[in-house]
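Below is one structure; the comments refer to it alone.
The values are calculated or read from the model by the stated rules, or taken from the named source; none is laboratory data. The shown structure was predicted, so the numbers you read here are calculated from the model rather than taken from an experiment. So basically every Cβ, Gly included, is an ideal-geometry build from the backbone, and we count neighbours across all protein chains shown. Surface accessibility is based on the protein's heavy atoms, side chains included, excluding ligands, DNA and RNA. Shrake-Rupley method; radii C 1.70, N 1.55, O 1.52, S 1.80 Å.
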Amino acid sequence: MGSFWAAFLVGGLICVIGQLLMDLTPLTPAHVLSLLVVAGAVADGLGLYDPLIEFAGAGATVPITSFGNALVHGALSEAQKHGLIGVLSGIFKITSAGISAAIIFGFLTAAVFKPKG
């Protein structure tokens, strides 16, 4: 279980990396978002993200990198149980709550406020 300082430092560092990528490169926010998700997925695939979660707690589970971690983590755990079909089911099993919340809150926000897009 990480401390508040570890969570602050790790979460802040992830955010600083994202901000620097947006400020110092021609990458759009969508590119940076995708890059951070992939970085979290690669870190989990290499077995590096779980120790980071143990060290930093919410500092590693709240940023978008944890979504990539969840995708790979779910796919690998279900693939061990069910083979190739487990890869697809595992991705949705682990991340379905987050995806559902994003859709519901996006809809509610659009219903309350007047979107201009």
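Tabulated values for the structure
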| item | result |
| --- | --- |
| Residues that are open to solvent by less than 70 Å² (accessible area, probe 1.4 Å), in contact with a helix residue (DSSP H, G or I) (Cβ under 9 Å, 6 or more places away or on another chain), assigned to a loop (DSSP other than H, G, I, E, B) and closer than 24 Å to residue 73 by Cα, drawn from region 4-54 | none |
| Test set (1) in contact with a Gly (Cβ under 8 Å, 6 or more places away or on another chain); (2) modelled with pLDDT of 95 or more - residue 24 fails condition number | (1) |
| Members of region 56-81 found to be in contact (Cβ under 8 Å) with a residue 40 or more places away in the chain and in a helix (DSSP H, G or I), listed by number | 56, 58, 59, 60, 65 |
| Search result, residues across region 74-84 that are touching a Lys or Arg at 6+ places or on another chain (Cβ under 9 Å) and either among the aliphatic types (A, V, I, L, M) or open to solvent by 50 Å² or more (accessible area, probe 1.4 Å) (or both) | none |
| Matching residues in region 98-117 - criterion: being part of a helix (DSSP H, G or I) and open to solvent by 90 Å² or more (accessible area, probe 1.4 Å) | 103, 104, 105, 107, 112 |
| Qualifying residue in region 85-97 (condition: modelled with pLDDT of 90 or more, surrounded by fewer than 18 Cβ atoms within 10 Å (Cβ to Cβ) and within 15 Å of the chain's Cα centre (by Cα)) | no |
